[in-house]
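All remarks here apply to the structure that follows.
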Amino acid sequence: MLDWLPENISTYGMKIDFLFYLIYYITNIIFLLVAGFMIFFMIKYRYKEGRKSEYTHGNNKLELIWTSATTIGVLIIALVSAPAWKEIKIDLPEPDIIVQVTAEQFNWRMLYPGPDNVFGTADDLEIENELNVPVDKVIHIKLLSDDVIHSFFIPNLRLKQDAVPGREIIVWFEAMKTGRYEIPCAELCGFGHSGMLGLLYVHSSEDYEAWVNENWPES
Amino acid sequence: MTENDHVEHSKQSIWSKYIFSFDHKMIAKQYLLLGISMLILGGLLAMLIRWQLGYPDEPLPIIGLSDQYMETGEVDGVVDEMWDGWFEDETENWLTMTIPGGVIGPEFYNSLFTMHATIMIFFAIMPILVGCFGNFLIPLMIGAKDMAFPFLNMLSFWVAFIGSIVMLWGFFVPGGHAAAGWTGYPPLSSSVEFSGVDWGQNLWIISLMIMGISSMMGAVNYITTIVNMRAKGMTFFRMPLTVWSLFIVAILLLLAIPVLASALSMLLFDRIWGTSFFNASGGGDPILWQHLFWFFGHPEVYVLILPGMGIASDLLSTFARKPIFGYKAMVYAMISIAVLGFIVWGHHMFQSGMNPALGMTFMFSTMAIAVPSAIKTFNWLGTLKGANIKFTVPMLNTLAFVSMFVIGGLSGIFMASTPVDIFIHDTYYIVAHIHYVVFGGSMFALFGGIYYWFPKMFGRGMNMTLGKIHFWMTLIFFNATFFPMHILGIGGHMRRIANPMQYEFLQDMQWINEFITVSAFMLGLAQIIFFFNFFYSMYKGKKSVDNPWEANTLEWVAATPPPHGNFPTPPIVYGGPYEYGVPDREEDWLSQVTKR
Ligand code: HEM
Ligand SMILES: [Cu+2]
Ligand SMILES: [Cu+2]
């Protein structure tokens, strides 16, 4: 079933996919066990005239066993999840490139700092719905919103972050593969929510250089 | 007091008997009728949602334009003529304003899923599981004459009725009904400028406030009744788990609804009087709403499932002809769900911009709440072991409840893992989860409960052949509808989008959407059987004896249907509710009122 996941192209995406698979196998086993027992009991203990059921009100030892087993199980899942979360959303690595993305109904405005590497100066470059980045570099996205809440979602990067008016939220990624990928909006933002779509271009370093030379204003 | 009751009883007018009745059983039926009407409406909205997703932007069948008209503009049949005429004259009526040409389109689509969820949660499941079953069962199951505050009870229903009218009204105001999702996130919900929705959203807010008042009145009543009016011998630990679950639900409502009410007030103030509680440019914070909403919202989802858990436990034990396994563990699990339910709300906000370190703690608390859910499941399994299972229609629905709830609970683990949630948050994975717990869980319990208690309510039984057909069709098409949504979610399919074909990465999966749509229509059709069975059996069903299922709990001791005042003399309770298969007895059941 997990074959349906879109191709992963980000460095940390593998960790998310690993957890996905891990939880998938664990939950599948539990489901099969529960369903198996249930079907077995349903067949074995189907109604028979004149038979009486086993008269028991429970078993404290069993309660103790399954309570501690599930507690340990979910605790382990939480503990193996924690480092990935920390890496992706808490401890951001130093950026090579910063792009400011402002969400608005119903566009992503991508702002590049220009040759001086400072936002808010005359040499900034703004492009609608087109994010250009080099491969194998740490990119920081400064996420803003002009109107309502949107959610910056790049399925192939396993990245999702709401853009909230009044907040500046920084997320990061490092793409491992060049290509063209979609950037849908994942949070309901009005009648144009469906179809709000940007594109991510991951360039090789030469192509990125060429793109910068062609598009960025002279300093 | 009793003297007076009798005098009043004999000269009851239609008004006081059927409309402004103080009798908990009549009020329960009123809630049931309200809930079923809204269930039908909510279901129809779902069908419209599915049409749009299966066949994006194509005109609806029957009431929409024909293919020929869409391609060539040539009129084909009366429906085309109607639309064509309206287009010509630029007629403005409800249809041309909402679904021009029979095409749903993104604006109406947003209203559709907003209202589908709102109606199902607040106007269908809550009125039936909490309103109807709570009112009907609490006094009967604890051996009381009525609720502690019969007048308040009557008021609670009529306030809910007014709330429903206000909510329905919203469909007919200019700008359309609320379209910001059932979660109503501001600024989309707080500003006309951003959404184009004007009074629709206001009425949504006002209606939910009214429903909150109704729920508070109900909650106070349930708690007081359970604490004070239990029959002699009915200790807390002799109460059926259904009563326990409703008791805990009432406490949850009492604590959670004030928070929703204050959030709704702030939202209304922001909309009407220009305050800035949730408006960042005015110094407010949109995320504040999310905290308040989900502080209410997570306990709310347990309000939807706890009665189901209670009902399932009762039915399971009755038809397994065996005591419930781990009665006390069941009670403690429900109490821990209720307590933990108040410290997990942040799992809805992992990607919201809330401090990610806080997300980490919410991951741990959310994982913890999976434990009591698992305990309940294992105890249900334990109940089946060594049982003598009667596969009646209520039992089939109960077994479906258990197995579907397991799937829903397990999918919750994925989302509780914060890194995995990055990817599946706001996708169809969440939609699948919701429906496995609320439809697979609450709804199957609701069906089971109705089949089970119908004889006591109306004095007649439902048709069990139709019941079986309805059950199997529902189980099969429920899974065909909602299981593939997991796959869509894994593929990255966002929720709340009106047209998946606008995205390249979703186009390959469109056949799944179509498959889901067809399954959903079949699921909808199956429900017609249920509604027919329900109304038909009310008048034409087979007359029922007092205790058709040979069950132990007190409601089966009362006459069928129970008269005003329920019991001829106050019952005395001698044992627990689940004494089935007691050794050395001829019958395999032992009523709570039987001396031992
Ligand atoms: C084992 C227990 C459960 C766990 C671990 C769990 C976990 C979660 C998580 C983490 C989310 C948020 C996902 C997201 O938006 O990214 C969620 C959403 C949801 N859960 Fe559960 N859940 C559990 C059981 C239940 C139950 C019993 C119900 C109710 C009957 C329920 C109803 C919902 C609903 C309605 C939503 C979606 C709300 C929305 O965004 O519209 N869950 N659950
Ligand atoms: Cu959006
Ligand atoms: Cu929750």
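Coordinate-derived values only; no laboratory data. Note that the structure is a prediction, hence the values are computed from the model and not measured. Glycine also receives a Cβ, built like all others from the backbone with ideal geometry; neighbour counts cover every protein chain displayed.
Taking the beta-carbon count within 10 Å as an exposure proxy, list B:Val339, B:Val437, A:Val118 from fewest neighbours to most.
A:Val118, B:Val339, B:Val437
Give the cross-link partners of A:Lys177 among the lysines, using a straight C-alpha distance below 29 Å as the criterion and excluding same-chain residues fewer than 8 apart.
A:Lys177 reaches A:Lys15, A:Lys86, A:Lys89, A:Lys137, A:Lys142, A:Lys160.
Under a point-charge model restricted to the Cβ atoms of Lys and Arg (+1) and Asp and Glu (-1), what is the dipole moment magnitude of the protein assembly as shown relative to its Cα centre, in debye to the nearest 20? Please report the intermediate quantities before stating the final value.
Values: 44 positive and 68 negative charges, 1284 e Å.
Result for the protein assembly as shown is approximately 6160 debye, rounded to the nearest 20.
Over 10 Å intervals from 0, what percent of Cα-Cα pairs in region B:29-119 sits in each interval?
Each 10 Å bin holds this share of Cα pairs: 16, 40, 28, 12, 3, 0.
Working from Cα positions, state the angle (0 to 90°, nearest 10) between the long axis of helix B:133-142 and the longest principal axis of chain B.
The angle comes out at about 10 degrees.
Taking R0 as 30 Å, what's the FRET efficiency between B:Gln507 and B:Glu71 from their Cβ-Cβ distance, rounded to 0.05?
Taking R0 as 30 Å, the efficiency between B:Gln507 and B:Glu71 is 0.85.
To the nearest Å, what is the center-to-center distance of region B:32-111 and region B:522-596, using C-alpha atoms only?
45 Å
Most exposed first by the Cβ proxy, i.e. fewest other Cβ within 10 Å, how do B:Phe269, B:Phe319, B:Phe454, B:Phe295 rank?
Ordered by Cβ neighbours within 10 Å, fewest first: B:Phe269, B:Phe295, B:Phe454, B:Phe319.
Using the charge dipole of chain B (Lys, Arg: +1 at Cβ; Asp, Glu: -1 at Cβ; taken about the Cα centre), state which of B:Met167, B:Met217, B:Ser66 has its Cα farthest towards the positive end.
Of the listed residues, the answer is B:Met217.
Ignoring GluC sites (Glu not before Pro) that are buried or in helix or strand per DSSP, and keeping those with at most 11 other beta carbon atoms within 10 Å, what is the longest stretch of chain B between them?
With GluC sites (Glu not before Pro) excluded where exposed in loops, chain B gives B:93-585 as its longest stretch.
If you look at just the Cα atoms of region A:97-215, how large are its Rg and its Dmax in Å?
Cα only, region A:97-215: 13.6, 40 Å (Rg, Dmax).
Give the relative contact order (percent, whole number) for region A:97-215; include only Cα pairs under 8 Å separated by 6+ residues.
Numbers: 278 pairs, mean separation 32.6, N = 119.
Dividing the mean separation by the residue count of region A:97-215 yields 27 percent.
What three numbers, in Å, describe the spread of the alpha carbons of the protein assembly as shown along their principal axes, ordered from the longest?
95, 68, 50
What distance in nm separates the two pseudo spin-label positions at A:Asp146 and B:Ala480, each 7 Å out from Cα along the beta-carbon direction?
That separation, rounded to one decimal, is 4.7 nm.
Expressed as a whole percent, how much of the Cα-Cα distance distribution for chain A exceeds 24 Å?
For chain A, the fraction of Cα-Cα distances above 24 Å is 57 percent.
Any chance you could give the angle, 0 to 90 degrees and rounded to 10, that helix B:428-437 forms with the longest Cα principal axis of chain B?
The two axes meet at around 20 degrees.
Taking the number of other C-beta atoms within 10 Å as the exposure measure, put B:His291, B:His24 in order starting with the fewest.
So the residues, fewest neighbours to most, are B:His291, B:His24.
Relative to the longest principal Cα axis of chain B, at what angle does helix B:444-458 sit, 0 to 90 degrees, rounded to 10?
50 degrees
Regarding region B:395-438, what is the average projected area of its C-alpha convex hull, in nm²?
Result: 2.8 nm².
Within region B:327-355, list the residues whose amide N lies under 17 Å from a label point set 7 Å along Cα→Cβ of A:Thr71.
Only B:329-341 fall inside the zone, counting backbone N under 17 Å.
Using DSSP, restrict attention to beta bridges with both residues in the protein assembly as shown and report what percent are antiparallel, rounded to the nearest 5. Walk me through the intermediate numbers first.
Numbers: 31 of 46 bridges.
Taking every DSSP beta bridge with both residues in the protein assembly as shown, the antiparallel ones total about 65 percent.
My understanding is that a pair violates if its Cα-Cα distance is over 22 Å; which of B:Lys145/B:Lys376; A:Lys52/B:Lys385; B:Lys322/B:Lys390; A:Lys61/B:Lys322; A:Lys52/B:Lys232 do that in this structure?
Pairs exceeding the cut-off: B:Lys145/B:Lys376; A:Lys52/B:Lys232.
Just to be sure I understand: with springs between alpha-carbon atoms less than 10 Å apart, which residue in A:Ser68, A:Ser151, A:Ser194 has the highest mean-square fluctuation in the Gaussian network model of chain A?
Judging by the Gaussian network model, the answer is A:Ser68.
Show which aspartates and glutamates lie in cross-link reach of A:Lys44 when reach means a straight Cα distance below 17 angstrom and same-chain residues fewer than eight apart are skipped.
A:Glu54
Return the aspartates and glutamates within reach of B:Lys328: Cα separation strictly under 18 angstrom, same-chain partners fewer than 8 residues apart disregarded; answer none if there are no such residues.
A:Glu63, B:Asp314, B:Glu579
Grab the DSSP H runs of chain A that are 4 residues or longer, score each as -39,500 (n - 2.57), total them, divide by all residues and round the 222 nm result to the nearest 500 deg cm²/dmol. Before the final figure, lay out each step's value.
Details: 3 runs with 69 residues, N = 219.
Rounded to the nearest 500, the figure is -11000 deg cm²/dmol.
Under the Kirkwood approximation applied to all pairs of distinct alpha-carbon atoms, what is the hydrodynamic radius of region B:366-491 in Å?
Roughly 15.8 Å, rounded to one decimal.
If packing is taken as the average count of other Cβ atoms within 10 Å, what order do B:252-264, B:176-188 fall into, highest mean first?
Those peptides, ordered most packed to least, come out B:176-188, B:252-264.
Let's see if you can work this out: charge +1 on each Lys and Arg Cβ, -1 on each Asp and Glu Cβ, no other charges. What is the dipole magnitude of chain B about its Cα centre, in debye to the nearest 20?
The dipole of chain B has a size of about 3440 debye.
Binning at 20 angstrom from zero up to the longest distance, how are the C-alpha pair distances of chain B distributed in percent?
The calculated distribution, bin by bin, is 19, 53, 25, 3, 0.
Which FRET efficiency, nearest 0.05, do A:Ser204 and B:Val173 yield, Cβ-Cβ r, R0 60 Å?
Details: r = 55 Å, r/R0 = 0.91.
It comes out at approximately 0.65.
For region A:97-215, with only Lys/Arg (+1) and Asp/Glu (-1) charged at the beta-carbon, what is the dipole magnitude about the Cα centre, in debye rounded to 20? Could you put the intermediate results ahead of the total?
On the way: 8 positive and 19 negative charges, 106 e Å.
In total the dipole reaches around 520 debye.
Which value at 222 nm does chain B reach when only helices count, each DSSP H run of 4 or more adding -39,500 (n - 2.57), with the total divided by all residues and rounded to the nearest 500 deg cm²/dmol?
Value at 222 nm, helices only, nearest 500: -21000 deg cm²/dmol.
Over chain A, what is the relative contact order in percent, taking alpha-carbon pairs closer than 8 angstrom and at least six residues apart?
22 percent
As an exercise, identify the chymotrypsin sites (Phe, Trp or Tyr not before Pro) in region B:358-441 lying in DSSP coil whose Cβ has no more than 16 other Cβ atoms within 10 Å.
Listed in order of number, the matching sites are B:Phe391.
Taking the Cα-to-Cβ direction at B:Tyr539 and at A:Asn59 and moving 7 Å from each Cα, how far apart do the two end points lie in nm?
About 5.3 nm, to one decimal.
In whole percent, what relative contact order does chain B give with Cα contacts below 8 Å and a gap of six or more residues?
Contact order relative to length: 16 percent.
Kindly state, to the nearest 0.05, the FRET efficiency for A:Met42 paired with B:Trp472, given R0 = 25 Å and r defined as their beta-carbon distance.
After rounding, the FRET efficiency stands at 0.95.
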